[in-house]
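Working notes for the structure below.
All of the numbers you see were taken from the coordinates with simple rules; none came from a lab. All values derive from a computational prediction rather than experimental measurement. Cβ placement follows ideal geometry from the backbone for every residue including glycine, while neighbour counts extend to all protein chains displayed.
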Amino acid sequence: MQDMLARQVFLCRQCGECCQGERGILVTPAEHQAMAAHLGLSLEDFAARFLVRTPLGPQVVSRNGSCALQADGLCRVHPVKPRICREWPFLRALLDHADEFEAAKGACPGLAADAGHEEFIKASRETR
C-alpha cells in the first residue's frame, strides 16, 4: 500500500528535467567522496571536473543549463547522487507550498498531474 500511493503521486520517468538548471546542488564531503569513487576519479580530479566553490560550499557545476553529471539524459552518479537529488520531488519547498508543488507538476512528468498537495504530502511521509 505504501509504495502504491507513492507511485500514484510520483513515478520517475528518467526524463532528466530535474537535472536542468544552474547550480544549487550542494555537495557534502561524504557525497564528494562517494561520487568520485563511483566514477573512479580522485577527489581532486572530481572536484576540478564537476564542482565549483561557493560561499555555501562546493556545488555541482552546470553546463549548457543542466547538471554536469548528466550524460545522455541520465545521471552518471545515480547510485550515490547527492541528498537533494535523492529527495526529489519531496523537497521542503514543494511540501510547504502548494503553489511550488503545482509549478513542479508542470516541469516533472513523473508527478501525477491530478495529484493534490495534501496527497503529495501524505505520499512523502509514506516513502520515508
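Using 0.36 nm per residue and subtracting the Cα-Cα separation, the extra length available between Thr54 and Arg125 on full extension is 22.3 nm. Highest GNM mean-square fluctuation among Pro109, Pro58, Pro29, for the chain modelled with Cα contacts below 10 Å: Pro29. Exposure proxy ranking for Val52, Val27, based on other Cβ atoms within 10 angstrom of each Cβ and starting from the fewest, stands as Val52, Val27. For a 4.7 Å threshold on C-beta separation, the list of partnerless cysteines in the chain reads Cys12, Cys15, Cys18, Cys75, Cys85, Cys108.
Model label points for Ser42 and Gln8, set 7 angstrom from Cα along the Cα-to-Cβ axis, are 5.3 nm apart.
Over the chain, Cα pairs under 8 Å with separation of 6+ residues give a relative contact order of 37 percent.
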